[in-house]
Each structure stands twice: as structure tokens, then as C-alpha cells.
1. Take Ser409 and decide whether it is in contact with a His (Cβ under 8 Å, 6 or more places away or on another chain), outside any helix (DSSP H, G or I) and among the small types (Gly, Ala, Ser).
2. Of all the strands (runs of 3 or more DSSP E) wholly in region 282-339, which have at least 2 residues that are among the polar types (S, T, N, Q) and surrounded by fewer than 24 Cβ atoms within 10 Å (Cβ to Cβ)?
3. Confirm whether Ser144 is part of a helix (DSSP H, G or I) and surrounded by 15 or more Cβ atoms within 10 Å (Cβ to Cβ).
4. Does any residue in region 279-304 that is closer than 12 Å to Met333 by Cβ come within less than 6 Å, Cβ to Cβ, of a residue that is part of a loop (DSSP other than H, G, I, E, B) and within 16 Å of ligand 1 (Cβ to nearest atom) six or more places away or on a different chain, and which pairs are these?
5. Please work out if Arg155 is surrounded by 15 or more Cβ atoms within 10 Å (Cβ to Cβ) and in contact with a Gly (Cβ under 7 Å, 6 or more places away or on another chain).
6. So is Phe84 more than 24 Å from Pro169 (Cβ to Cβ) and of a type in the set (Phe, Trp, Tyr) or not?
7. Considering each residue of region 51-80, count those that are at pLDDT 90 or above and either in a helix (DSSP H, G or I) or within 16 Å of ligand 1 (Cβ to nearest atom) (or both), and give that number.
8. Taking the residues in region 405-439 that are closer than 19 Å to Ala251 by Cα and away from ligand 1 (no atom under 14 Å from the Cβ) as candidates, determine which candidate is surrounded by the most Cβ atoms within 10 Å (Cβ to Cβ).
Amino acid sequence: MICFCSQPMRTIAVLGGGIGGLATSYYLCRNPQVTKVEELGLEGEVLPVTYSHIASKNRYLYVNGQLHKMPSRISELLRTVPPFSRPLLLSVASELLVTKSKEDDESIHSFVSRRLGKELADIAVDSLCRGVFAGDCRKLSVRSCFPPFYDAEQRRGSLILGMLLGSGPTPVISPGSLAQRSIKESWAQWSLRRGVESLPESLAEYLQQSGKVQLHREAAVKQIHPSASGWKVHLEDGVVSADHIISALPAKALSSVLPSSCQPLIQQLQDVSSVTVAVINLEYEGSILPVMGFGHLVPSSEDRGLLGVVYDSIPFPQHNRPDGQTTRLTVMMGGAWFQEVFGPPEAVTEEHLIARATEAVQCHLGVTTAPIWSRVALQRDCIPQYYLGHFSKVESMRHFIRENNLPLSLTGSSYDGVSVNDVIFSGRTAVQELLGTGV
Ligand SMILES: Cc1cc2nc3c(=O)[nH]c(=O)nc-3n(C[C@H](O)[C@H](O)[C@H](O)COP(=O)(O)OP(=O)(O)OC[C@H]3O[C@@H](n4cnc5c(N)ncnc54)[C@H](O)[C@@H]3O)c2cc1C
Ligand SMILES: C=Cc1c2[nH]c(c1C)Cc1[nH]c(c(CCC(=O)O)c1C)Cc1[nH]c(c(C)c1CCC(=O)O)Cc1[nH]c(c(C)c1C=C)C2
């Protein structure tokens, strides 16, 4: 899908109708001032989960065939908490003495092993990387995946000092905004009353009504060619002329529509890999969870294909069935291990995925009953992987664009962060850079 805003004397084409493309178009249409989500009429829909909520306080890892609750109080850092073999405070204290790396990038596993010890890297951080990127911490870049970790060491020589003293730019928070409210109320996470999909739906509706945007729904971009005034964008439903393109397409998708004159940018875009995740939603009769929390993660040493389980009913009971007590879970599988564990995504059956997911729920949570409902979503190439060197690769892409005066901006999850917040921020940044900081 493509949507574009016509600014005075300028047509800007936004490629990609995900959160990235919609947010970019939203900021374009709201020029000259930056918008706030509540102007979408969603403020009353937000379901915040604070840090004090049990779903945020209780974090679990499934290791050595057991569910282990992670330390969440200082007292728990002072004693040995399984599955770890020594008090975590020892790892944290010795981190202060570790010298700074001179490398301009490092794998997450190497970085954490060096600064906090191999056990934390093998168990906790391996699980965390599977819970965010569905990726392998031995391949992922610490600089691109967890910039605050990298910046803390570079600027303060230590993670702990970086956390205590600060190590990155102070974000500009608009007064009275939802972001300011989330800080004031200590939100750990959020959702929306009608599901997160109501965010893209509301964005699309806003754009439709803005009068500035022409939405091309279900119209894939086939090719883009340079023209005298910018670009000709060839879609399934016609051709659009644009002075500038902001791409919120997955990097590989952009690489396949750019003209061959854009090499080596095309090759660099193709090198941004993504992984496939099987998302299995399960619903059980009654209250079946042995623990309360957001969910649990599984390190690759325990089960390579089973990334973790989300206890959806705990943080967002509002989404539970009104007619009775059920428990909703989401099992995440595959990621960087998909092909190895399940084979080619096009060949795997839903039955096999459901069987694997229900077996994990039985094994990890002791659930003996069968689910009363299930749904399988095979999310193909859905989470970009920021491997070692990703930062330099993205810098080189943007250098090529500047050096060749290409009227092209790169946004979306392939470059500067994979979360919804990252993607929205990347859209806002692209619009600020294009239209000036007054946006
Ligand atoms: C299973 C899963 C769970 C997640 N959980 C969380 C979470 O809890 N918290 C969080 O912050 N983030 C989460 N994320 C990440 C977040 O959802 C994504 O990073 C974000 O939605 C990416 O948005 P995007 O617009 O960059 O990319 P996309 O959503 O991939 O959008 C790209 C769009 O481009 C379109 N497109 C592709 N090719 C073409 C073409 N040739 N022409 C036109 N259009 C094209 C696609 O159809 C798509 O609509 C999760 C992601 C997944 C997969
Ligand atoms: C791009 C894909 C993302 C997925 N989840 C997130 C993103 C950005 C958001 C996210 N998920 C977790 C964290 C770390 C939070 C924390 O523990 O401080 C973030 C920012 C971890 C996580 N992910 C899942 C679970 C059950 C957990 C543990 C949460 C906790 O214990 O508090 C589920 C899950 N979400 C994604 C994947 C691949 C996954 C796998 C189990 C996608």
C-alpha cells in the first residue's frame, strides 16, 4: 500500500502501509507541528500496564525443565537465585571494573559475557534477544539492538554507571502528551482496548479524512524510476509522480523496486535479513496459570524452537471473554531457528505448530487440558535481524543517498529499531529531516 501527502509544491510518496508508513504519513499530514496519539482519539483506548503491576514485576525463564522467577528486588540480587549459580549482584559489581571495548561493534553475547559473565549471557540475555528479535544473541549487534548498552560503555565505561549517570541523548517529551503521562505514571507497557490493530486502523482513517492523502490500498509498488522532478512510482493500480519518497518498506522489499542505478544501495538493503515467527494463540477453560506475570522466555540452550509464552490474560484482562473465566496464551516459535526446527515455512502444517505449542504449555505450565480455541499466524520474514555491522551498513546506505542526492528517506523496522515506538519515532525523524525541525 502506498499513501502520500501533498505539501505545498511537493508530493511525498510514502511506501508501506505498516505502522511505519502510516505514522510517517500522519506526521507529514500534521505538518508543521508534531502530533500526539490522543489527536487520533485513542487516548481513552490506551490500556497502560505500570511497573508495579504483577505482569511487569514477575518475569520468568523456563530453564532446566523448570519455571524460574527472575529477581525483582534488591534482596534477591544478594542471594543465589536459580537458575543462576551465584548472586547477580556479584556480576553487577564486577561489571564496574571491566575495561571498555575499542571495537565499534560486538555481538550481544560477547558484550554481555565480557561485562556481566557468560552465565547471564547464556541464560538471561539469550532469552531476552529471543523475546524481542526472535534472534540469536551470538549474531546480533549490541550497538544496533541495544544502543543504550553500547552507549553506556562508550560514554561512561560501564553499564551500571551509564544507567546511574545517563549516557544517551535526553528525549524531548511534549508537555501534556501521552509520552509524558507514561513517564509520570511509570508505564512498563501498553495496549489498546480494541487491540493494537486499532492504532493502524485509526491512523488510516485519519489520513483518509485529512484531504491531503491519497491512499493506494492493496496496491504493491512494482518499480520506482528516477524522473526529472524526482520519481515515478509504478504501482499495481497505476503510476504516481513524487518529488520525494519515504520508504517504510522492509529493506528487502525496497531493494527489489529500486532502479539498478541505485547499486550498491540495493545490495546493502538485500543484506538486511528477517526471521519468520509462528504465533500460536491458545485459549483454555478456567484459570490455568501456575504463576502470574507477563509471560516466560526460553533460552536457546533449553529449546531452540520455542522462544517463549505470553500470558495475555494477565496484563490485559479487559480482553478476556465477558461470559466466563478463560486463560489466553500466545506461544512464539521459530525465529532465527525456524528453518532448523520446523523446516521450510511453506511446508510446515498448522496442526504441527499447534501440537508443538500445546506440548510446551503442558510441559512448562503443567496444563493437562486441551485448549478450547486456537489460532495460528505464520509471520513470514517479520522481524529484521540487526547482525554485527548493521550500524555501519545503515550509515553507508544513508551516505550513498546523500552523496547521490537521491530524494529518498529510509524508515521502518529495518534500520533503527524494531519496536512500535522505534518505528513511529523513525517516521517522525524522517519527516523532521525532510521538512525541517519545525515539524
Ligand atoms: C510476532 C510479533 C510480535 C511483536 N510484538 C511487539 C511488541 O510487543 N512490542 C513492540 O513494540 N513491537 C512488537 N513487534 C514489532 C512491531 O510490530 C514491528 O516492528 C512494526 O509493526 C514494524 O512496522 P513497519 O511499518 O516498519 O513494518 P511492517 O509492519 O512490516 O510494514 C511494512 C508494510 O509494507 C508492505 N509492503 C511490503 N512490500 C511492499 C510493496 N512492494 N509495495 C507496497 N507495500 C509493500 C507490507 O505489506 C507491510 O504492510 C512485534 C512484531 C512481531 C512480528
Ligand atoms: C520486534 C518484536 C518484539 C516482540 N516483543 C517486543 C518487540 C519489540 C517487545 C518486548 N518483548 C520483550 C521485551 C523486553 C521487556 C523486558 O523484559 O524488559 C520487549 C521490549 C520480552 C518478551 N517478549 C515476549 C515475552 C513473554 C517477553 C518477556 C516479558 C517479561 O517477562 O516482562 C514475547 C515475545 N514477543 C516477541 C517475541 C519474538 C516473543 C517471544 C517469546 C516480539
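1. Working: in contact with a His (Cβ under 8 Å, 6 or more places away or on another chain): yes; outside any helix (DSSP H, G or I): yes; among the small types (Gly, Ala, Ser): yes.
So Ser409 fits the description; yes.
2. Values: elements: 295-297, 306-310, 326-335.
Ranges flagged: 326-335.
3. Details: part of a helix (DSSP H, G or I): yes; surrounded by 15 or more Cβ atoms within 10 Å (Cβ to Cβ): yes.
Taking the combined requirement at face value, the residue satisfies it.
4. Hits for this filter: Arg304/Trp337.
5. On the way: surrounded by 15 or more Cβ atoms within 10 Å (Cβ to Cβ): yes; in contact with a Gly (Cβ under 7 Å, 6 or more places away or on another chain): yes.
Here the answer is yes, as Arg155 does meet what is asked.
6. On the way: more than 24 Å from Pro169 (Cβ to Cβ): yes; of a type in the set (Phe, Trp, Tyr): yes.
Yes, satisfied.
7. Residues meeting the conditions: 4.
8. Val431
The values are calculated or read from the model by the stated rules, or taken from the named source; none is laboratory data. Computed from a prediction, not measured in an experiment: that's the story for all the values here. Glycine gets a Cβ as well: all are built from the backbone with ideal geometry, and neighbour counts include every protein chain shown.
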